[in-house]
1. Rounded to two decimals, what ratio of Rg to Rh does the stretch 1-124 give with C-alpha atoms and a Kirkwood Rh?
2. Using a Förster radius of 30 Å, what is the FRET efficiency between Glu158 and Asp235 based on their Cβ-Cβ separation? Nearest 0.05, please.
3. Give me a comma-separated list of calculated 3J(HN,Hα) values for the stretch 20-26, in order, Karplus coefficients 6.51, -1.76, 1.60 applied at θ = phi - 60°, integers in Hz, x for any Gly or Pro.
4. Would you mind checking which residues have amide H under 5 Å from Phe149's amide H? H placed 1.01 Å from N; only 5 or more apart, or other chain.
5. I'd like the carbon and sulfur percentage of the solvent accessible area for the chain, probe radius 1.4 Å, heavy atoms only, ligands and nucleic acids excluded.
6. How much mean residue ellipticity at 222 nm does the chain get from its helices, if each DSSP H run of length 4 or more adds -39500 (n - 2.57) and you divide by all residues, to the nearest 500 deg cm²/dmol?
7. Wrap a convex hull around the Cα atoms of the stretch 1-67, take a quarter of its surface area, and give that in square nanometres.
8. Quick one: 3J(HN,Hα) in Hz for the stretch 226-240, Karplus 6.51/-1.76/1.60 with θ = phi - 60°, rounded, Gly and Pro as x.
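The values are calculated or read from the model by the stated rules, or taken from the named source; none is laboratory data. This one's a predicted model, so the numbers in the text were calculated from it and none came from an experiment. Here Cβ is always computed from backbone atoms with ideal geometry, including for glycine, and neighbour counts include all displayed protein chains. To get the accessible areas, we keep the full protein, side chains included, count just its heavy atoms, and leave off ligands, DNA and RNA. Shrake-Rupley method; radii C 1.70, N 1.55, O 1.52, S 1.80 Å.
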Amino acid sequence: MTDLTTSVHRSITGVKQGEWNAIVAQQSETGSVFERYEWLKAYEDATDSPARHVQVRKNGTLVGVHPLFVRSLPGTPFRFLGPARPGSNGAMIATDEAAVFGAIADAVEELTAGRTVGHLLKPASSRSLRYATRLRERGYYPSVRDCQFVLDIDRPWEAVAEDLSQKKRRNLRKADEAGVTATDVPVTPESIETFADRHAEHMARIDGDGTSLSFLRALLANVGDRLKLFRASVDGDPAGELLAVLDDERDCLFLLFPAYDPTNFEHFPSEVLYRAAIRWGIDAGYETCNFGETTPAFDDGTFSFKTDFGGQAVPTTRWERIDSLVGRVLYLLGSDRAVAHLSPSAAGGQGD
């Protein structure tokens, strides 16, 4: 007889790091760097967000995990359970999928009560489609508010370059003629501080969602070996930076946070940074490069920028369940923006 036990932890420090990561990285086949112990700890350290991480054990062995944070619905007294920002929070299961998925779902239902009106499950991998039918049976509905551009880089740069738009190839030629260069630089406390300032200025300029200095510091402390920083220069002066995350769980280079100097846009530093990151990813042996989440609108500047790099637009599917009548009314009356706030795009606009 299967003996499943479920526990809910109010901090990731309440679980065993090795056990948790083994489920995320190896046994579930659906996890990502954004669901690892270290990423969740960085988020907790930087934000003090209340956690409700779910674990399921079978005869004492950890077989399922689901990371959760309590998030407020802006402009309302209500709360939601959802992922870190940026991040994902799939149901990651090692074995006995039906029973373990049911145990995770039961635990989440118990957690959604009172002012906590619903649950957002945002898988990192399309492999989580295996749970779509069961999610629907549990009252979840899929939504697509963002997309991710994914580029295959398990091939030479020359082959990747052939898929670039004529505009991008032309811009790169102009950048080369202007002497724009880009390279990866060491990720240190000093370089993170400098990047944080430039990133904040970039986000303020485009009125975008970025990240905080405290979170960047926490990432350096907890997942420093998974960070890669690229810097573009014009005549020796910095022209932009791009912070990437090494998602080894999905064999993917994830271009997460940009920081561009608008005074150098005529030299196309953003294109040069992307090229440098892609070429680094090719040399490092990654299979894909993910350009981060983007508003799926053909007339959006960031969408157009990423389209021209030849990547495939992949929908970011989120599963939402709203339990209360009040919550559903808020949702229908315009909480789409509020719910979207729970898990905004990971990367801000590129600008060019």
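1. On the way: Rg = 13.7 Å, Rh = 14.4 Å.
Ratio value, two decimals: 0.95.
2. Numbers: r = 28 Å, r/R0 = 0.93.
Taking R0 as 30 Å, the efficiency between Glu158 and Asp235 is 0.60.
3. Values, residue by residue: 4, 5, 5, 5, 5, 8, 10 Hz.
4. For Phe149, whose amide H was placed from the backbone, the distant partners under 5 Å are Phe291, Gly292, Val314.
5. Details: 7160 of 15030 Å².
Taking all protein chains in place, the chain shows 48 percent carbon and sulfur surface.
6. Values: 12 runs with 120 residues, N = 352.
That comes out to -10000 deg cm²/dmol.
7. On the way: hull surface 17.2 nm².
For the stretch 1-67, averaging the hull's shadow over all directions gives 4.3 nm².
8. 9, 9, 9, 10, 10, 10, 9, 9, 10, 6, x, 9, x, 10, x
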